[in-house]
Amino acid sequence: MNDPNDTPLWLFSLEFYAHDHVSECLLAIQDSSKANVNIILYLLWLASNFKQLSKTEISSIINSTENWTQNVVIQIREVRRYLKLMHRSAVRLPILSFKDKVKELEIQAEKIEQMLFYQMEVESPFGMPVNDAILAGRENLRSYEQLLQRPFPPERFNWLLNAFQDKLDAL
């Protein structure tokens, strides 16, 4: 069923996230580098549209949703992770059911965050047009990594770019 709130960014993200090992790779980068997976997906989506961003533009993206990310997405994620630890509780089944509902809320919060990114792109497009989407993806992620001042694990970074290339080759 099509949801009218499914932006091209969201559809790209769902498809890319479902690619072999991409979810594990993104979560490892998130946990090790404190990166926002939605920003990574947004930067790759922009690259797939042949756009390379400046550090100033990426910083603007980070700042635009920082409050939402910190006060909504991360808070819901922490609740879900806490519930995951309660697997030995005497009320395990209700907790697991509740955890699944919290996970749905987390996904909805992430979708809203992506809607915010997409709306920014519609209202005031980011990026400089380029001819090489793979190079744009690499440079967008490198700039984001530098802004975070926390390196992405090299093997995860390379794997992510290879998966991005596979996705583009499939188009």
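The values are calculated or read from the model by the stated rules, or taken from the named source; none is laboratory data. Keep in mind the model is a prediction, meaning the values are calculated, not measured. As a convention, Cβ positions derive from the backbone with ideal geometry for all residues, glycine included, and neighbour counts pool all protein chains shown. These area figures cover heavy atoms from the full protein model, side chains too; ligands, DNA and RNA do not enter into them. Shrake-Rupley method; radii C 1.70, N 1.55, O 1.52, S 1.80 Å.
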Matching helices (runs of 4 or more DSSP H) fully within the stretch 1-65 where at least 2 residues are open to solvent by 30 Å² or more (accessible area, probe 1.4 Å): 8-17, 22-33
Only one of Glu139, Glu145 that is in contact with a strand residue (DSSP E or B) (Cβ under 6 Å, 6 or more places away or on another chain) and acidic (Asp, Glu): Glu139
